[in-house]
Amino acid sequence: MWEEVAETVAYIKQNTNIIPEYGVILGSGLGSFTDDIQIESILPYSSIPNFPVSTVEGHSGALVFGTIGDKKVVAMQGRFHFYEGYSMKQVTFPVRVMKQLGVQKLVVSNASGGVNPSYKVGSIILINDHINLFPEHPLRGKNDERFGPRFVNMSEPYNKSMISKVKNIAESLAIEVHDGVYLGIQGPTFETLSEYRMVKILGADCVGMSTVPEVIVARHIGLDCFGISVITDMGDEANIDDVSHAEVLIAAEKAEPAVRTLIKELILQF
């Protein structure tokens, strides 16, 4: 994999002069964040060596390089999901590439189903921890010490200082946010009522089909992470019949302006 990452990085460096400090992975319905970037170059996934191509509606499929204020960033418009049939190596490959491009901090966003009764559709969650229930681990197999250690300390997967900064930003802008534990599962089916109850019993506040693999690999290679989630459905008897991907996109798009503002201000101020 080291050689594949090197090949990909070499190609990208031939096509952009940006050395990004921040990497941003944009989840379902949140792709318009790139409107906040002073864009220098856009590289479609299909043109990048060793990159998979996103197949999910709401995920555009390009690396966007540019600046936000004086900060240089690279944003993934569309991520890769395990449920699409990709291996965990493919799902997390862009994170390894970001590190070699210069990224030091990773921001991940997603849409998720809520089980915490204090949440509602449209709630914005600052992820402070996660539970990994994916059937495959992104670090399984022989470890390459050039990326990181065999055994990774996951006591702080989401950087506490970044979370604190966003809380302060949200308070100053009168944007309501919640803390929460995110549980990651394979998908692609939405959860049954019993599975939603399981999520709550296990100690999570929301559940989704992404983010956890990327954050594990990001921590493996030494990136600080910040995670933000939009609750796009509530896992209870009153709401479960309305769950669909179309409804998820609609709910995410309604919350997008506030999420965009929080991410932009984090990048500017941290």
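The values are calculated or read from the model by the stated rules, or taken from the named source; none is laboratory data. This is a predicted model, so every value here is computed, not measured. No Cβ is skipped: glycine too gets one built from the backbone with ideal geometry, and neighbour counts run over all protein chains shown. With ligands, DNA and RNA removed, areas are computed over all heavy atoms of the protein, side chains included. Shrake-Rupley method; radii C 1.70, N 1.55, O 1.52, S 1.80 Å.
What Kirkwood Rh does segment 1-151 have if only Cα atoms enter the pairwise 1/r average? Answer in Å. Mind dumping the intermediate values first?
Working: mean 1/r = 0.0603 Å⁻¹.
Hydrodynamic radius (Kirkwood, Cα only) of segment 1-151 equals 16.6 Å.
Report, ordered by chain and residue number, the aspartates and glutamates lying within cross-link reach of Lys13, taken as a straight Cα distance under 17 Å and ignoring same-chain residues fewer than 8 apart.
Reachable aspartates and glutamates: Glu3, Glu4, Glu21, Glu40.
How far, in degrees from 0 to 90, does helix 160-172 lean away from the longest principal axis of the Cα atoms of the chain, to the nearest 10?
60 degrees
Could you list the trypsin sites (Lys or Arg not before Pro) in segment 130-210 that lie in coil according to DSSP, counting only those with at most 10 other Cβ atoms within 10 Å of their Cβ? Working shown, then result.
Details: sites: Arg140, Lys142, Arg146, Arg150, Lys160, Lys165, Lys167, Arg197, Lys200; in loops: Arg140, Lys142, Arg146, Arg150.
Taking segment 130-210 and a limit of 10 other Cβ atoms within 10 Å, the loop trypsin sites (Lys or Arg not before Pro) found are Arg140, Lys142, Arg146, Arg150.
From the Cα gyration tensor of segment 185-270, with a ≥ b ≥ c the square roots of its eigenvalues, which class applies: rounded if a/c is under 1.5, or else prolate if a/b is larger than b/c, or else oblate?
Numbers: a/c = 2.41, a/b = 1.39, b/c = 1.73.
Judged from the Cα gyration tensor, segment 185-270 comes out oblate (a/c at least 1.5, b/c at or above a/b).
At what distance in nm do the modelled label points of Ile19 and Gln38 sit from each other, each positioned 7 Å from its Cα along Cα→Cβ?
1.9 nm
Treating only the Cβ atoms of Lys and Arg (+1) and Asp and Glu (-1) as charged, compute the dipole magnitude of the chain about its Cα centre; round to the nearest 20 debye. Don't jump to the answer; show the numbers that get you there.
On the way: 22 positive and 32 negative charges, 188 e Å.
Here the chain has a charge dipole of around 900 debye.
Picking from Phe147, Ala246, Leu193, whose Cα lies most toward the positive end of the charge dipole for segment 145-270 (charges on Cβ: Lys, Arg +1; Asp, Glu -1)?
Phe147
Roughly speaking, to the nearest percent, how much of the chain's 1.4 Å accessible area is carbon and sulfur? Present the calculation step by step, with values, prior to reporting the outcome.
Numbers: 5550 of 11410 Å².
Percent of accessible area from carbon and sulfur atoms in the chain: 49.
Working from the alpha-carbon coordinates of segment 73-175, get Rg over Rh, Rh being the Kirkwood radius. Let's see the in-between values first.
Numbers: Rg = 16.1 Å, Rh = 16.5 Å.
Here the Rg-to-Rh quotient is 0.97.
Please arrange Glu136, Glu176, Glu195 by accessible surface area, largest first, computed with a 1.4 Å probe and ligands excluded. Intermediate values should be presented prior to the final figure.
Working: Glu136 50, Glu176 115, Glu195 80 Å².
Most to least solvent-accessible, the answer reads Glu176, Glu195, Glu136.
Can you spot the lysines whose alpha carbon is less than 21 Å from Lys165's alpha carbon? Ignore those fewer than 8 places along the same chain.
Of all the lysines, those that pass the test against Lys165 - Cα under 21 Å, at least 8 places apart if same chain - are Lys71, Lys72, Lys105, Lys264.
Give me the lysines in straight-line cross-link reach of Lys200: C-alpha distance below 19 Å, same-chain residues under 8 apart excluded.
Lys120
For the chain, what is the convex hull volume of its Cα atoms per residue in Å³? Intermediate results must be reported in sequence, preceding the final value.
Values: hull volume 30.8 nm³, N = 270.
Roughly 114 Å³ of hull volume per residue.
Ordering Thr16, Thr192, Thr261 from largest to smallest accessible area (1.4 angstrom probe), what's the sequence? Before the final figure, lay out each step's value.
Values: Thr16 10, Thr192 70, Thr261 45 Å².
These residues rank, largest area first, as Thr192, Thr261, Thr16.
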